[in-house]
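See structure below.
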Amino acid sequence: MAHFTKATSVKDWLDQRLAIVKVEKVMASEYWIPKNINFLWAMGMILAVTFSLLLVSGIFLLMYYQPNIDTAFYSVNYTIMREVDFGWLWRHVHGVAASVIFLIMYIHMFTGIYYGSYKKGREMIWLSGMLLFVTFSAEAFSGYMLPWGQMSYWAGMVITNLFAGGSLHADGLVEWIRGDYVPAQAFLSRFFMLHVILLPLAIMGLIGLHFAALRIPHVNNQDGEEIDFEAESKKYLAGDKAGSKVMRFGNDFMSKDMTIVGLYLVFFFYLVFYNYGFAMDPVNFDPADGLKTPAHIYPEWYFLWSYEILRPFSVDVGLIAFGFAQVIFFALPFLDRSPNAVAANRRGLFAIWFWVMLVNMIVLTAMGKLPPEGIYSTIGYVAALLFMAQWLVLPFITKFEKKV
Ligand code: HEM
């Protein structure tokens with residue numbers, strides 16, 4: 001049993017029971033962050049803030065949403081949008097945040113790739129980040145089913161059909177996932193469950209893992225410099241703040257982070273109030289109709305690049321290519337064989353690899369939105385092949401990279 005003395009203050013009382021002084025040191029005042037970082041290192045905090053906005057707005061939407069195929073569409077488009085005071089605001093916050101969080105996630109991922117922040121003991125940060133990405137994708141997809149509009153229904157149909165596995169003919173699997181022959185009540189109920197409880201719980205657990213994975217290796221910095229955190233933090237604590245290469249997480253780094261978060265929130269609420277249309281598909285303002293297939297079915301913008309990798313091939317090859325695209329980013333820390341955790345522009349061939357990957361994924365995204373005809377399908381085909389080829393060459397070009 002620990003030794004308890006008469007507490008001199010509330011803080012002391014709590015400290016004796018919860019070690020709050022030590023926790024505060026580990027989490028904030030003695031959690032050291034390199035000074036040599038730029039605004040791109042604020043993306044993680046922006047993601048955490050955007051996820052919180054999704055949670056809060058989701059809780060308010062849940063008070064009026066009805067997970068029933070006969071009433072879901074009207075509960076969203078009539079009750080929430082027109083009847084409930086400020087219902088439209090919560091819906092726009094939720095819709096805009098769902099879209100923007102993917103943009104920020106892509107920026108955050110590509111920052112990690114550019115600076116090689118998945119190396120030198122940072123592999124778990126990357127792997128937990130990728131798990132977050134995949135779980136967020138499932139969260140976004142399940143949420144998209146809930147308004148039970150035309151695009152909810154038909155995107156649900158197309159995506160669940162993928163589980164038929166081409167010539168494997170795993171047809172029973174598709175019905176098992178849907179709980180019926182076509183998307184219907186069982187389908188809506190289970191995607192509702194996934195969206196409001198199971199996946200958010202998983203995301204919160206994964207964010208915890210991601211943060212824990214950051215604590216020991218510390219975040220990387222712009223020059224990939226191996227900082228002696230022990231020595232630099234001593235210098236800081238001894239009063240030489242300017243001469244030290246590190247700063248405290250709380251409040252030095254947080255105050256910088258929050259400045260960028262503030263600017264982001266101005267942009268975010270500008271979108272919510274004046275430009276929310278991009279986050280809402282017009283086709284989804286028609287109620288689901290299993291007898292009326294929309295002329296052109298496409299997913300939300302953040303899934304378009306992988307959709308385009310599926311589309312130009314025959315069913316079987318397309319499924320393999322699609323599966324490859326979903327998992328290959330997990331392997332990045334192991335396929336990049338160079339020890340250099342420095343900015344890509346100092347890494348020779350890898351710099352070309354990086355920019356080609358980024359531009360090619362933008363091209364795939366653009367082609368994924370267009371109908372698969374003529375020149376578009378040719379460009380999509382070449383871009384999909386290039387995507388796969390890049391992953392195949394990565395170990396070779398990085399193995400022979402010079403140490404910088
Ligand atoms: C909701 C999702 C996420 C949240 C809340 C989140 C949060 C954070 C935070 C707060 C940091 C430290 C500050 C920074 O570098 O921004 C960080 C770093 C990092 N994250 Fe994430 N992250 C998320 C998703 C991802 C994803 C999808 C990936 C990519 C696979 C990823 C990979 C990384 C990497 C590699 C670092 C280390 C950066 C460095 O060492 O410089 N994260 N994340």
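The values are calculated or read from the model by the stated rules, or taken from the named source; none is laboratory data. Remember, predicted model here, so these are calculated numbers, not experimental data. Cβ sites come from the backbone with ideal geometry, for glycine too, and all protein chains shown count toward neighbours. The accessibility values were calculated without ligands, DNA or RNA, using every heavy atom of the protein model including side chains. Shrake-Rupley method; radii C 1.70, N 1.55, O 1.52, S 1.80 Å.
Can you give the angle from 0 to 90° between the axis of helix 150-161 and the longest principal axis of the chain, with both taken from C-alpha atoms, to the nearest 10? Between helix and principal axis, roughly 80 degrees. Extension gain for F400 to L237 (0.36 nm times residue separation, less C-alpha to C-alpha distance): 54.5 nm.
Using amide H atoms built in the peptide plane, which far-off residues or other-chain residues are under 5 Å from M247 H to H? The answer is I33, K35. Listed by chain and number, the aspartates and glutamates whose C-alpha is less than 17 Å from the C-alpha of K402, apart from same-chain residues fewer than 8 away, are D223, E225, D336. Any idea how far the Cα center of the range 128-156 sits from the one of the range 39-61, in Å? Distance between centres, Cα-based: 17 Å. Using a cutoff of 8 angstrom between alpha carbon atoms and counting only pairs six or more residues apart, the relative contact order for the range 307-404 works out to 42 percent. With the cut-off at under 15 Å, measuring from each backbone N in the range 16-30 to a point 7 Å along the Cα-to-Cβ line of A48 picks out 24-30. From the Cα gyration tensor of the range 253-404, with a ≥ b ≥ c the square roots of its eigenvalues, which class applies: rounded if a/c is under 1.5, or else prolate if a/b is larger than b/c, or else oblate? It is oblate, given that a/c is not under 1.5 and a/b is not larger than b/c.
The modelled label-to-label distance between F211 and K369, using points 7 Å beyond Cα along the C-beta direction, is 3.5 nm.
Ranking of T8, T71 by solvent-accessible surface, largest first: T8, T71 (1.4 Å probe, protein heavy atoms only, all chains present).
Within the chain, the longest segment free of exposed loop sites, counting GluC sites (Glu not before Pro) that fall outside DSSP classes H, G, I, E and B and have at most 10 other Cβ atoms within 10 Å, spans 1-225. With respect to the chain, whose longest principal axis is taken over its alpha-carbon atoms, helix 254-274 is tilted by about 20°. In a DSSP loop and with at most 11 other Cβ atoms within 10 Å, the chymotrypsin sites (Phe, Trp or Tyr not before Pro) in the range 320-404 are F400.
Counting other Cβ atoms within 10 Å, keep those with at most 14, restrict to DSSP loop, and tell me which trypsin sites (Lys or Arg not before Pro) in the range 372-404 are left. Here the trypsin sites (Lys or Arg not before Pro) that fit, given the DSSP loop and packing criteria, are K402, K403. With a/c under 1.5 counting as rounded, go ahead and sort the chain into rounded, prolate or oblate using the C-alpha gyration tensor (a ≥ b ≥ c being the square roots of the eigenvalues; past the cut-off, prolate if a/b is larger than b/c, else oblate). Judged from the Cα gyration tensor, the chain comes out oblate (a/c at least 1.5, b/c at or above a/b). By the rule of a C-alpha distance below 16 Å, with chain neighbours fewer than 8 residues away ignored, the lysines paired with K11 are K22, K25.
Based on C-alpha pairs under 8 angstrom that are at least 6 apart in sequence, the chain has a relative contact order of 23 percent. Just the number, please: carbon plus sulfur as a percent of the accessible area of the range 40-297, 1.4 Å probe, no ligands or DNA/RNA counted. About 67 percent, which is the carbon plus sulfur part of the accessible surface.
For the chain, set up a Gaussian network in which alpha carbons nearer than 10 Å are linked by springs, and say which option among K120, K234, K35 fluctuates the most. Most flexible of the set in this elastic network: K234. Measuring between alpha carbons in the structure, the pairs from K369/K403; K234/K256; K35/K369 lying more than 30 angstrom apart are K369/K403; K35/K369.
Across the range 344-366, no residue has a backbone nitrogen under 14 Å from the label position 7 Å along the beta-carbon direction of F313. H296 contributes about 50 Å² of solvent-accessible surface, heavy atoms of the protein only, 1.4 Å probe. Please label the shape of the range 1-83 as rounded, prolate or oblate, based on the square roots a ≥ b ≥ c of the eigenvalues of the alpha-carbon gyration tensor (a/c under 1.5 means rounded; beyond that, a/b larger than b/c means prolate, else oblate). Oblate shape, in that a/c is at least 1.5 and b/c is the bigger or equal ratio. D by Stokes-Einstein for the range 98-241, Kirkwood Rh over Cα pairs, 37 °C, 0.692 mPa s: 180 µm²/s. Electrostatic bookkeeping for F322 treats Lys and Arg as +1 and Asp and Glu as -1; over the other residues with beta carbon under 13 Å from its beta carbon, the sum is -1. Of all the options L358, L263, L188, the one that moves most in a Gaussian network model of the chain with Cα springs shorter than 10 angstrom is L263. In loop segments of the range 173-244 as defined by DSSP, the chymotrypsin sites (Phe, Trp or Tyr not before Pro) with at most 10 further C-beta atoms inside 10 Å of their C-beta are Y181. A crude spin-label estimate for the pair E83 and Q185, with each label 7 Å from Cα along the Cβ direction, gives 2.0 nm.
Accessible area per residue for the chain, computed on protein heavy atoms with a 1.4 Å probe, is 51 Å². Computed from label points 7 Å out along Cα-Cβ, the spacing between L386 and A295 is 2.9 nm. A straight chain from E24 to F229 at 0.36 nm per residue would run longer than the Cα-Cα distance by 72.0 nm.
Taking Cα atoms only, the orientation of helix 374-399 departs from the longest principal axis of the chain by about 30 degrees.
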